[in-house]
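Take a look at the structure set out below.
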Amino acid sequence: MNESIPDEFWQSVEQFNTRQFYACHDTLEALWMEASDPEKTFYQGILQLAVALYHLGNSNWRGAVILLGEGTNKLQRYSPTFGGIDVEELIDSSCQLLTQLQQAGPEKVHEWIVQKEVNENSDLLPIITIAQSE
């Protein structure tokens with residue numbers, strides 16, 4: 001693990017993976033405001049993914065699509081791994097979700113969520129995994 005990554009970051013990872021997206025946002029925002037690059041942009045990318053998933057939970061297609069795109073774009077420079085995180089996997093799973101949302105469209109996002117049974121246990125939602133080696 002990267003020693004420059006604080007304990008609060010690992011708390012945000014747990015919050016993200018347990019689908020506590022609003023709490024994850026708050027934890028990462030506090031880190032992001034105090035950080036400098038390269039960590040600052042890394043935190044912001046994950047923060048944007050958390051907010052995107054929060055929006056998805058509220059059937060806010062536009063917010064989810066925009067922030068999934070922005071978050072994955074910010075994380076590209078950290079692939080394949082950064083700070084002990086498998087960034088490549090996070091980007092891949094977020095892009096797969098983004099593609100499915102774009103195909104569903106804003107008018108049908110709620111029906112898509114219901115049909116795909118998107119909830120806190122859904123395999124469609126990205127998770128943050130620990131990198132095997134860095």
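The values are calculated or read from the model by the stated rules, or taken from the named source; none is laboratory data. These figures come from a predicted structure and were not determined experimentally. All Cβ positions, even for glycine, are placed from backbone atoms using ideal geometry, and neighbour counts span all protein chains on display. For accessibility, only protein heavy atoms count, side chains too; no ligands or nucleic acids. Shrake-Rupley method; radii C 1.70, N 1.55, O 1.52, S 1.80 Å.
No other residue among Q48, Q132, Q96 is outside any loop (DSSP other than H, G, I, E, B), surrounded by fewer than 17 Cβ atoms within 10 Å (Cβ to Cβ) and of a type outside the set (G, A, S) apart from Q96. The number of residues in segment 47-85 that are on the phi > 0 side of the Ramachandran plot and touching a helix residue (DSSP H, G or I) at 6+ places or on another chain (Cβ under 8 Å) comes to 2. Regarding segment 113-120, can at least one residue be identified that is of a type outside the set (V, I, T), crowded, with 20+ Cβ neighbours inside 10 Å and under 15 Å from the mean Cα position of the chain (by Cα)? The answer is no; no qualifying residue exists.
Considering the conditions (1) surrounded by fewer than 16 Cβ atoms within 10 Å (Cβ to Cβ); (2) touching a His at 6+ places or on another chain (Cβ under 6 Å), P38 is excluded by exactly one of them, (2).
When the residues of segment 1-20 are filtered to those that are open to solvent by 20 Å² or more (accessible area, probe 1.4 Å) and not polar (S, T, N, Q), which remaining residue is farthest from T99 (Cα to Cα)? This residue is E3.
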